[in-house]
Amino acid sequence: MQQVIKAIDYMNKIIGIILALMLAVMSILIIVQIFTRFVINYPLHWTEELARYLMIYSVFFGAALALRNNRLIAIEALAQSMSESKQRILRIFVMLVSIIFFVILLVQGLEIIEVVKPQHSAGLGISMSIPYAAIPIGAGLMIVNSIAVILESLKKPHPKTLLESEEL
Amino acid sequence: MGLILFAFLIVFFALGVPIAISMGLASALAIWFDGGTPLVVLVQRSFTSIDSFPLMAIPFFILAGTLMEFGGISKRLISFANALTGHFAGGLAIVTVVTSMFFAAISGSSAATTAALGSILIPAMISRGYHRNFAGSVQAVSGELGVIIPPSIPLILYGVSAGVSIGDLFMAGMIPGILIGLSLILTVYVIAKKRNYPREEKKSISEIWVAFKDAFLALLMPVIILGGIYGGIFTPTEAAGVAVAYAFIVGVFIYREIKIKQLLFIFTQSSITTSIVMFIIASAGLFGWILTREGVPQDVAGFLTGISDNPIVFLLIVNIFLIIVGMFMETNASIIILTPLLVPVAMQLGVDPVHFGIIMIVNLAIGMCTPPLGINLFIASEIAKIRLEQITRGMLPFYIVLVVVLLFITYIPQISLFLPDLLRK
C-alpha cells in the first residue's frame, strides 16, 4: 500500500514539472504574440491557440495534484464538526463520490475524442482530439490520485490544509 | 431537471465534496435522469468553458503575483509606505493599509496580499506594542483590497461570466478600492489615537526619495498593466503576460531575490492554484448550460422581482444575500455560480452590469474577513498566533466601516462608473 502511494507521488512529481513547463511555455507564447504583433508587425495566428490548449491540459493535470494535496475548494463545515475517525470515513466517501465523476469524464472524454477526430483546429491545424484528450487523461490522473488519498486515509488521518484550501 | 440538479448540488456541497466535482457530478446526474441529452455534452461544455483567451489572464496574474511574492517586492513597498505614512499615530497599521493598496494594484488575489504582507507587518506591529487582535485584523481587512483594486481574478471571472468588458470592470474597481482604503486608514487612525499606538520616526524628503527609488520598479508595474489595457495597447490577458515577464525580470535579474532553484516551485504552485479556480469554471460549464435551458435565471428573476421591482430594494436584498453567501462560500466559486443567476435580474431592473460586478466583489470581499469561513481571517490569525474569535473581535469596528462604504458603493453608481465612463468618452 505504501509502495502504491509512493509510486503515485513520484508520478505527481513529474506532473508538477510538466505543469511548470507548460506555464512557462504559455508565458513565452504570449510574449511572442505581443512581440510579433507590435514589433515586427507580423501577427502569428497559432500562438494564442497553442497557449489556450496548454492551459486546458494544465487545468486538468493541476486539478489532480490539487486533489492529492487536499487543495480543491470544498465546504468543510461537516468534516470539522466530526471526530477524526469519522472524518476519515467521510473523506473516503467523498473520494468515492468524486471517482464516479472522474469515471464519467474519462468515458465520455474518450467518446468525444472519436467524435472530434475529423475536426481540425483553426490555428495549428491539428486534430481536435489532441486538445480534447486533456480531459480523459486528466480524469485518469484524478482517479489515480483519489485512490492515493483513499489509501492514505485508510492508514492515518489526512493532513488538514485549511489555509491553502479556500482561496488562491 | 433543475430540481434534481439543485438537490444533488446541496447534498454534495454539504458532504464536503469539492465544489468543482459537486457541480460537474450534479449536472451529469441531472442530465442522466432527464434522458434525452447525451452525457458527452458534459465533456464538451467543460472544454469550451475554459477554452477562452480572456480566462488565460488568470494563470498569468497568479504567476505574476507569486513571482512578486518571492521577488522582494513586498519589502520595498512596505519601506516606501513607511516613509510616507509611518509618522502618523498608528503608523505601522496605516502602512499596512497603504502597502495593501499598492500590492493590490499588482496582485489579483486577497489571500496572496494578506499572506505576502502580513508575514512581515503583523509581527512588526506586535513587536511595537499593538494589540494582537488589532494587528491581525488590520491586515485581514486590508487584504480584501487585493480583489477590489485591479487587477482582480474575481473580476475577470465575473467579466467572462456576465459578458462584460474586463477593462471596464478593472477601471470601475479603482475608486471603490481607494475609497475603502481611505476609510480603513481613517478608522485605524482613530483607534490608534485612542489607544496611543506608537508613531514611526518621521523620514526626511531625501529618505522618502531613496525609498521611492528602491520601490520604483514595483510601483511602475500597475502603471504598465493598467496603462497598457486602457491605452488600448494590450488585452487584459496580454497585460497579464507582460506582468509575468516584468515580475520575472525584476525578481530574478534586478532585485535578484528569486533563486533559479525556486523557479520550479513557483511555476508548479501557480499552475496548481490556477487549476483550483479553473476546474470549477470547467465544471460550471454544463451547470450553466442546464440552468439556461431550464430557464432558472428567469425563475430567480421572477422570484426576486416578485418581492419588489424597485432596484433599491433589490440591491439591498442582493447585498444581504451576498454577505451571507460570502460568510460561507469561497469568493471565486460564488462568482461562478451566482453571476449567471443575478446579472439578468440586475439588468432587467436597470442596474449597470459593471456597477453590479463591483457590488458583488465588494460584498464577497467582506465575506473573506468574516467567520466562519474567511480566508483573510485564517491567514492573519495564523500569523498573529491568535484564535478566530480573537481576530473577529478586532474586526468589529472595521465591519461597521465596510458596511457603510458598501452602501455608498451600492447606491451611488458613479463611484464605480465614473472612471470607465470617462475613458469610454
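The residue A:28 and residue B:190 beta-carbon pair, evaluated with R₀ = 60 Å, returns a calculated FRET efficiency of approximately 0.75. Exposure proxy ranking for B:87, A:45, based on other Cβ atoms within 10 angstrom of each Cβ and starting from the fewest, stands as A:45, B:87. What residue among B:18, B:311, B:371 shows peak mean-square fluctuation when chain B is described by a Gaussian network model with Cα springs under 10 Å? Maximum among the listed residues: B:18.
Charge tally for residue B:71 (other residues, Cβ to Cβ under 15 Å; Lys, Arg +1; Asp, Glu -1): +2. Neighbour counts of C-beta atoms inside 10 Å place B:355, B:131 in the sequence B:131, B:355, starting with the fewest.
Among the listed pairs A:6/A:155; A:13/B:261; B:193/B:385; B:202/B:385, those whose Cα-Cα separation exceeds 18 Å are B:193/B:385; B:202/B:385. Among the residues of A:58-70, the average count of other protein chain beta-carbon atoms within 10 Å of the residue beta-carbon is 6. For chain A, the relative contact order comes to 30 percent (Cα pairs under 8 Å, sequence separation of at least 6).
Between the alpha-carbon centers of the stretch B:11-74 and the stretch B:99-159, tell me the distance in whole angstrom. Value for the Cα centre distance between the two parts: 26 Å.
Using only alpha carbon pairs under 8 Å that are at least six residues apart, calculate the relative contact order of chain B and give it in whole percent. It rounds to 26 percent for chain B. Under the shape rule built on the C-alpha gyration tensor, where the axes satisfy a ≥ b ≥ c, the stretch A:1-159 is prolate, since a/c reaches at least 1.5 and a/b is greater than b/c. As a proxy for reagent exposure, B:323, B:379, B:409 were ordered by neighbouring Cβ count within 10 angstrom, fewest first; the result is B:323, B:409, B:379.
Between A:138, A:123, A:16, the residue with the greatest mean-square fluctuation in the GNM of chain A (Cα pairs under 10 Å linked by springs) is A:123. In this simple spin-label model, placing a label point 7 Å from the Cα along the Cα-to-Cβ direction at both residue A:1 and residue B:260 gives a separation of 4.3 nm.
Read-outs: derived from the displayed coordinates by stated rules, not from any lab. What you see is a predicted model, and the numbers here were worked out from it, not measured in a lab. Note that each Cβ is placed from the backbone with ideal geometry, even for glycine, and that neighbours are counted across all protein chains shown.
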